[in-house]
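Have a look at the structure below before the remarks.
The values are calculated or read from the model by the stated rules, or taken from the named source; none is laboratory data. No experiment lies behind these values; they were computed from the predicted model shown. Here the Cβ is made from the backbone with ideal geometry for all residues, glycine too, and neighbour counts use every protein chain on show.
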Amino acid sequence: MDIIIGKYFIKALTPSTGSAPFVYKLESGSLPEGLLFNKEIGMIRGMPKKVGIYQFTISVKDSNDIEGSTTFTLVIKPSPSSMASESWVESPLNSS
């Protein structure tokens with residue numbers, strides 16, 4: 001998933017099968033700074049603060065103790081406005 005830095009992000013994790021209630025758990029990896037994982041309802045939300053690629057695995061268990069997991073990769077990109085406002089310094093070329 002591509003996400004823009006500084007832009008609010010929300011993603012509800014919904015199992016495709018199984019019986020409620022569901023129990024979610026962050027198994028490995030970590031979320032980018034600024035994003036939070038609510039294990040009670042299976043939701044990732046917040047505003048990412050750092051550009052980068054982040055990978056983590058979340059598992060879910062249903063009321064029948066059937067468990068599954070998914071590995072997510074989040075790509076945090078700079079905002080287009082911050083890229084446009086960067087100033088570039090050019091050095092003159094020697095014409096000798």
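What to note about this one:
- For the stretch 39-57, a residue qualifies if it is in contact with a strand residue (DSSP E or B) (Cβ under 6 Å, 6 or more places away or on another chain) and either in contact (Cβ under 8 Å) with a residue 40 or more places away in the chain or at positive phi (or both), and the qualifying residues are Gly42, Gly46, Pro48, Val51, Gly52.
- Beta carbons closer than 8 Å, at least 6 apart along the sequence or on distinct chains, pair a first residue in the stretch 19-35 that is among the acidic types (Asp, Glu) with a second that is part of a loop (DSSP other than H, G, I, E, B) for Glu33/Pro48; Glu33/Lys49; Glu33/Lys50.
- Residue within the stretch 66-84 that is over 23 Å from Gly34 (Cβ atoms), modelled with pLDDT of 70 or more and not small (Gly, Ala, Ser) present: yes
- Boolean, Ile76 is closer than 14 Å to Tyr8 by Cα and touching a Phe, Trp or Tyr at 6+ places or on another chain (Cβ under 6 Å): no
- Some residue of the stretch 6-14 being among the aromatic types (Phe, Trp, Tyr) and part of a loop (DSSP other than H, G, I, E, B): yes
- Filtered residues of the stretch 15-40 (kept if among the hydrophobic types (A, V, I, L, M, F, W, C), in a loop (DSSP other than H, G, I, E, B) and surrounded by 11 or more Cβ atoms within 10 Å (Cβ to Cβ)): Phe22, Leu31
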